[in-house]
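Values in this text are rule-based calculations from the coordinates and carry no lab data. These figures come from a predicted structure and were not determined experimentally. Positions of Cβ are backbone-derived with ideal geometry, glycine not excepted, and every protein chain shown enters the neighbour counts.
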Amino acid sequence: MLTIPKEAKEIITRLESRGFEAYLVGGCVRDLLMGLKAKDFDICTSALPEDVCGLFAKTLETGIKHGTVTVIENGIPFEVSTFRIDVNYTDHRHPDKVLFSRSLAEDLKRRDFTINAICYHPEKGIIDPFNGMKDIAAKLIRTVGNPEERFNEDALRMLRAVRFKASLGFELEPATKSAITRMSSTICHISRERILHELNGILSGSSPEAFEILFDTGLIGYIFPVPVPVKNTLKPLKKLPHKLPLRWAAALRLMGFTDPADVEEICGYLKMSKKLKNYILNATKILNEPLPENKYLLKKTLSDAGIALFSDSLKILNGTGYDIDKIKALKLMLNDIRSKNEYIDRSDLAVKGGDLIGKGFIPGKRLGEIIELLFLCVLQIPGLNRKDILIEIAKSVQKAFPE
């Protein structure tokens, strides 16, 4: 017996009380069988969407065209989907037509992988027509039926297979992997947003080195707009924190992408958010530059990049085999800067532009240059960060280097 929410049992019981079949299905069953915590619970049923809507007080028509209704019980959402048969996939992503069915077997036949085609009923137990439990035990990702047919129906399934490898630590069954290699070009039919979503899932997984499968199968050539310079092992990614931007920056570095123009092209092509793109570009810039050799240069770098991004960059270098002693020395300097609350932010400067204008300085580019010089002085000698001192330095600069 699997432990499932009482609300899920109640939904199944209510559907059955009206003569319909109902089962838990898919990822939640797989996760429970593996002893993992299920993220959400999906239910498949012989009831039509209108039947489901009529049986429950609170429902959302989230995917009514494809037979899915979200039932809200005690504030918990459950996706309840009608048994269905998908007819033709001319766009390699969505069925041209969906036929509702009364057959559980027909519904399970259309699913992607055997490990996701397992049902569970609180009284009837496990229903596993495609030996998904056997594949879970063997840690294999295998398609339901012919792999070429499954990938021809929905090309995104090829990336989903790699994502499951990354998240579960499973291996791709040989015929499934071979089919991905033969059909890799069909990934071009999938939107870049959906591709990015799966790539993010791969890099966020507990085995992010699964990304290497994209090289082995040729998928990477249809996903990235520029060739991969080198195909190093991506195993170092596993040592890094589960932080998506950090892993993206590290992965691109391991692939040999050091030219910011290439990195920006990849980020733009995959339609990454501005926040993610900027993080990766800024991290690439730090990783390309020589590391600061003294405290002043470190504070200058921190003032431009920020402590968080620089610390992440050190983690990338540490995880990808950079000189450990140099990294340790930088960490010690960084900890010293933090413990002494030394100034590294321009906003900490004791004098502002308005203060200098009030002393007769003319607004403009020249004034900005003087303020930047004052900031560099404070980075070197924190004790100078007093308004009266900085104003006097500014006056001296103005006098020594008149316009």
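Table for the structure above
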| item | result |
| --- | --- |
| Phi-based couplings in Hz for segment 360-376 (Karplus 6.51, -1.76, 1.60; Gly and Pro marked x) | x, 6, 8, x, x, 4, 4, 5, x, 5, 5, 4, 5, 5, 4, 5, 5 |
| Mean separation of Cα contacts under 8 Å, 6 or more apart, over the residue count of segment 346-400: relative contact order % | 42 |
| Set of segment 295-312 residues, backbone N closer than 18 Å to the point 7 Å along the Cα-Cβ line of LEU281 | 304-306, 309-310 |
| From the C-alpha gyration tensor of segment 346-400, square roots of 5λ in Å | 16, 11, 11 |
| Residue-span extension gain [ASN146 to GLU193] - 0.36 nm each, minus C-alpha spacing | 14.2 nm |
| Taking the chain and dividing mean pair separation by its residue count, relative contact order in percent (alpha carbons under 8 Å, at least six apart) | 8 |
| Theoretical ellipticity at 222 nm over the chain - DSSP helices of four or more residues, -39500 (n - 2.57) apiece, nearest 500 | -15000 deg cm²/dmol |
| Amide hydrogen neighbours beyond the local backbone of SER101, cut-off 5 Å, H modeled | PHE83, ARG84, ILE85 |
| Listed residue pairs exceeding 28 Å between alpha carbons, taken from LYS243/LYS285; LYS340/LYS399; LYS109/LYS243 | LYS340/LYS399; LYS109/LYS243 |
| Cα pair distances exceeding 24 angstrom across segment 1-137, given as percent | 26 |
| For ILE127, residues with placed amide H under 5 Å, excluding near neighbours | CYS119, TYR120, HIS121 |
| The chain: equivalent-ellipsoid semi-axes (sqrt of 5 x gyration tensor eigenvalues, Cα, Å) | 56, 25, 20 |
| Computed over segment 1-137: relative contact order in percent, which uses C-alpha pairs under 8 Å that are six or more apart | 22 |
| Angle between the chain longest axis and helix 156-168 axis [Cα atoms, degrees, rounded to 10] | 70 |
| Pairs from LYS231/LYS274; LYS6/LYS177; LYS39/LYS65; LYS231/LYS326; LYS6/LYS271; LYS6/LYS235 whose Cα-Cα separation, in the structure shown, is over 30 Å | LYS6/LYS177; LYS6/LYS271; LYS6/LYS235 |
| Sequence-distant residues sharing a close amide H with GLU73 (under 5 Å, placed H) | PHE78 |
| Using a Förster distance of 22 Å, the FRET efficiency for ASP325-LYS295 (Cβ separation, nearest 0.05) | 0.85 |
| Extreme residue, positive dipole direction of the chain, given options PHE83, SER206, THR70 (C-beta unit charges) | SER206 |
| In degrees, nearest ten, helix 274-288 long axis to first principal axis of the chain (Cα) | 60 |
| Paired Rg and Dmax values of segment 141-263, which use every Cα atom, in angstrom | 13.8, 44 |
| Degrees separating the helix 324-339 axis from the principal Cα axis of the chain, which is the longest one | 70 |
| ³J(HN,Hα), Karplus 6.51/-1.76/1.60, whole Hz, each residue of segment 49-54, x for Gly, Pro | x, 5, 5, 4, 4, x |
